[in-house]
Every structure is written in C-alpha cells, then in structure tokens.
Amino acid sequence: MNDNYNEELVAKFYTAFQKLDYRAMNNCYSEEIVFFDPVFELLRGNQVRMMWKMLCISAKDLSIQFDDVIDRGDGYYTCNWIAQYTFSKTGRQVINRVKAHMKIENGKITEHSDGFSLHKWTGQALGLPGKLFGWNRFFQRRIKNNARAKLLAFIDEQS
C-alpha cells in the first residue's frame with residue numbers, strides 16, 4: 001500500500017466517525033487491533049470495535065473535526081481531532097482535543113492510541129469536582145473503572 005492510501009485510510013476512519021458510522025470505522029481496523037486512550041486504557045480486537053459502536057450509538061450531539069494527517073514513517077501516522085458534545089451525566093459541554101497515533105499495515109490500522117488530558121476532560125465534563133480533583137489518580141481511576149464497566153456491560157448486552 002502506498003503512503004497516500006494510508007493517509008486516506010486515516011481520513012476515512014474520521015469521516016466515518018463524523019457520520020457515527022461505527023461499521024465503516026471498524027472496517028478500517030485489522031482483526032487484531034490494539035487501542036489505548038486515557039479513559040478506556042488498553043483494549044484489543046472486539047473490545048475496540050464494541051467501544052466505537054457504543055460511543056456512536058449513544059452519541060446525541062457529537063461533532064467531530066479532524067486535520068493534519070501526517071506520515072511519520074514506517075507505517076505510523078498522526079492526526080489531530082476534536083470531539084464536541086454534551087456529557088450526558090451532567091449536561092455539560094465538552095470540547096476534547098485529541099492527538100491520534102496509528103500504525104497501518106497491509107491497508108488496515110493495527111495500532112491506535114488517542115492522547116488527551118484526562119484532567120482537562122474531567123473539568124469540562126464534571127465541572128468543579130473535575131477541576132479540583134481531575135488530576136488525582138484515585139479520581140481518574142473511578143472514571144476509568146466506570147467507563148470499563150459500561151463497555152463490558154454493553155458487550156454483554158450485544159452478545
């Protein structure tokens with residue numbers, strides 16, 4: 001696969017995300033996809049695909065923008081993306097600025113990690129408690145555990 005195709009694959013993934021088309025997003029991934037972000041942490045294979053399905057299905061007013069797809073060499077690509085939405089538990093507006101890192105092999109994304117400040121996210125999503133305690137590991141662990149539990153329950157429902 002040429003580099004231009006790989007850049008188009010990254011764009012295809014985020015264009016599908018803009019449309020909340022989790023099937024098209026997941027078609028960009030290899031069977032053995034490995035994913036990491038500050039909330040869900042390490043996910044593999046079907047867990048990754050189900051995470052995107054859960055997020056797309058539950059999205060109410062999600063707006064996605066992406067830009068700056070860059071070839072970093074050896075199959076690695078980065079891009080910036082921004083998610084803007086209302087956090088359902090609090091009704092608060094969130095603007096999450098994310099840096100994505102992807103590895104592409106044989107025309108599929110094999111590794112995907114999203115980096116963002118969990119502290120900034122908690123401040124926006126949870127308000128004052130998030131601003132005051134969002135830096136705290138124990139506070140962050142609760143958020144991560146809740147997200148993981150929600151994903152595992154969703155996977156069970158879909159089985």
Check: Which of the aspartates and glutamates could a cross-linker span from K99 if the Cα-Cα distance has to be under 18 Å and same-chain partners fewer than 8 positions apart are dropped?
Finding: E7, E8, D37, E41, D67, D68, D71, E111, D114
Note to self: Using 26 Å as the Cα-Cα cut-off, could you pick out the over-long pairs in K19/K108; K19/K131; K12/K131; K60/K144; K12/K53?
What the structure shows: K19/K131; K12/K131
Next item on the list: Work out from phi, with θ = phi - 60° and the Karplus expression 6.51 cos²θ - 1.76 cosθ + 1.60, the ³J(HN,Hα) of each residue of the range 111-125, listed in order in whole Hz, and give x for Gly and Pro.
Entry: 9, 8, 10, 10, x, 7, 7, 5, 4, 4, 4, 5, x, 6, 6
Next item on the list: Output the Cα-based Rg and Dmax of the range 1-127 in Å, rounding Rg to one decimal and Dmax to a whole number.
Entry: 14.3, 45
Item checked: Rounded to 10°, Cα long-axis angle of helix 46-58 versus longest principal axis of the chain -> 60
Next item on the list: Output ³J(HN,Hα) for the range 22-31: one whole-Hz value per residue in order, computed from phi by the Karplus curve 6.51 cos²θ - 1.76 cosθ + 1.60 with θ = phi - 60°, and x for Gly and Pro.
Entry: 5, 5, 5, 4, 5, 5, 7, 8, 6, 4
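Here, each number is a calculation from the coordinates, and none is a lab measurement. In this text, all values refer to a predicted model and were calculated from it rather than measured experimentally.
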